[in-house]
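Since the structure comes first, as structure tokens, the remarks are kept for the end.
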Amino acid sequence: MACSISRRTLLGTASALLPLPGIVRARGDEPEFEMKMGNDNPMTHPNTIRQQEAADRILKETNGRVKISIFPNNQLGGDTDMLSQLRSGALEFMTLSGLILSTYTPLSSIYGIGYAFPNYDKVWAAMDGDLGKMIRDSVDKAGLYGFEKIWDNGFRQISSSTHPIRTPEDLKGYKIRVPVSPLWTSMFEAFGAAPASINFSEVYSALQTKIVEGQENPLINIETAKLYEVQKYVSMTRHMWDGFIMLGNGRNWKSLPRDVRTVISRNLNGSAEDQRKDYADSDVTMRATLEKQGMTFNEPEPEAFRKTLIKAGFYDKWKEKYGAGAWSVLEKYTGKIGT
């Protein structure tokens, strides 16, 4: 017996079978949104690993609608190059130290004041609280987008090819690489050192060719970048804490549909939390690894370094630069600084 189906019924059935946007996509469909994310970390670094995990989850949760490609290890250029690309919209996302970002948004470096944070409890209370919000607001006003969860870049230690740093006097005239940041340069100048601003992509060669004697970084960066090949000593100064802000281009971010932004935010913030756990015991594990690579460690007394910064007027200078209001937000979490 023949079956008669009306044109209206056929159209209704067909429309019911069509995929809803962002819900069902056929295998092999091209992504609706293709974006790039850059960093200056090696493939084996927790940043790169966790960012790739987030990108994989985002692709899956959007059924292939959103593809974020990760470009680690300065493949898109050094930090300042990638920041220029991000600002222009040629790059959609990147992780960057707030201290380097401060060349564009000055307030973003405030958490990096020397010897401000004694431990991670105070760091995360500040960065997940009012201090982090204040920094993100300044980033947003500058045309970028700062994600809610900052990624860990650890407490920083000084490495050297010539001698260990035991006291502030050991830094007098010391040629040390620092990132491209006014705060970093100012702090080491206050110690009497000779800081040279060099992008991370060029650190290994600068150490290898003796342009500088040493550098400062968390132990995990010393290990993953193989700086132990061109450095002998590590002084556990813990002179500052640093973090990576996950940044987006403001215009690109606002142009994305709300549901896409929700998935991206949830996964990037979630990976930031995972990455923080990766760093939690890295000083202990990385120290053992670096000692096996032949590096020698020492533990300087921090109070002498802090007193040197006070005497040099470092804290007074930066309190004036940031403003009393912003400084009070910082001290809400750190206690009084520079006294």
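The values are calculated or read from the model by the stated rules, or taken from the named source; none is laboratory data. What you are looking at is a predicted structure, and each value in this text was computed from that prediction instead of being measured. A quick note on method: Cβ atoms are made from the backbone with ideal geometry, for glycine too, and the neighbour counts reach across all protein chains shown.
Among the residues of the stretch 77-91, those identified as under 22 Å from ILE49 (Cβ atoms), part of a loop (DSSP other than H, G, I, E, B) and modelled with pLDDT of 95 or more are GLY77, LEU91.
Take the stretch 147-163 and flag every residue that is outside any strand (DSSP E or B) and touching a Leu at 6+ places or on another chain (Cβ under 7 Å).
The answer is PHE147, SER161.
Scanning the stretch 282-339 for residues that are in contact with a strand residue (DSSP E or B) (Cβ under 7 Å, 6 or more places away or on another chain) and under 20 Å from TRP184 (Cα atoms) turns up just one, PRO300.
The residue list SER265, SER255, SER235, SER282 contains one member that is within 30 Å of GLU216 (Cβ to Cβ), of a type in the set (Gly, Ala, Ser) and modelled with pLDDT of 95 or more, which is SER235.
Annotation note: of LYS122, LYS67, the sole residue that is in contact with a Ser or Thr (Cβ under 7 Å, 6 or more places away or on another chain), at pLDDT 95 or above and surrounded by fewer than 20 Cβ atoms within 10 Å (Cβ to Cβ) is LYS122. Checking each residue in the stretch 164-197 for being modelled with pLDDT of 95 or more, assigned to a loop (DSSP other than H, G, I, E, B) and of a type outside the set (Phe, Trp, Tyr) picks out PRO164, ILE165, ARG166, THR167, LYS172, GLY173, GLY192, ALA193.
Tell me yes or no: at least one residue of the stretch 92-111 is among the aliphatic types (A, V, I, L, M), part of a loop (DSSP other than H, G, I, E, B), farther than 18 Å from PRO182 by Cβ and touching a helix residue (DSSP H, G or I) at 6+ places or on another chain (Cβ under 8 Å). No, the stretch 92-111 contains no residue that is among the aliphatic types (A, V, I, L, M), part of a loop (DSSP other than H, G, I, E, B), farther than 18 Å from PRO182 by Cβ and touching a helix residue (DSSP H, G or I) at 6+ places or on another chain (Cβ under 8 Å). Only one of the numbered conditions (1) touching a strand residue (DSSP E or B) at 6+ places or on another chain (Cβ under 7 Å); (2) within 26 Å of TYR204 (Cα to Cα); (3) touching a residue at least 40 places away in the same chain (Cβ under 8 Å) is violated by GLY78, and that is (1). For ASN252, indicate whether it is in a helix (DSSP H, G or I) and more than 30 Å from GLY64 (Cα to Cα). The answer is no for ASN252. Is at least one residue of the stretch 297-316 in contact (Cβ under 8 Å) with a residue 60 or more places away in the chain and among the polar types (S, T, N, Q)? Within the stretch 297-316, one or more residues are in contact (Cβ under 8 Å) with a residue 60 or more places away in the chain and among the polar types (S, T, N, Q). Taken as a whole, the stretch 258-271 holds at least one residue that is of a type in the set (Asp, Glu) and in contact (Cβ under 8 Å) with a residue 40 or more places away in the chain. Being surrounded by fewer than 16 Cβ atoms within 10 Å (Cβ to Cβ) and under 21 Å from PHE155 (Cα atoms) holds for only one residue in THR308, THR237, THR224, THR285, and it is THR285. Taking the stretch 112-146, which residues are under 14 Å from GLY248 (Cβ atoms), not in a helix (DSSP H, G or I) and not aromatic (Phe, Trp, Tyr)? Hits for the stretch 112-146 are ALA142, GLY143, LEU144, GLY146.
For PRO19, are the conditions met, namely being modelled with pLDDT under 50 and assigned to a loop (DSSP other than H, G, I, E, B)? Yes. Is it true that some residue in the stretch 285-294 is outside any loop (DSSP other than H, G, I, E, B), modelled with pLDDT under 95, of a type in the set (Ser, Thr, Tyr) and over 24 Å from LEU91 (Cβ atoms)? Among the residues of the stretch 285-294, at least one is outside any loop (DSSP other than H, G, I, E, B), modelled with pLDDT under 95, of a type in the set (Ser, Thr, Tyr) and over 24 Å from LEU91 (Cβ atoms), which makes the answer yes.
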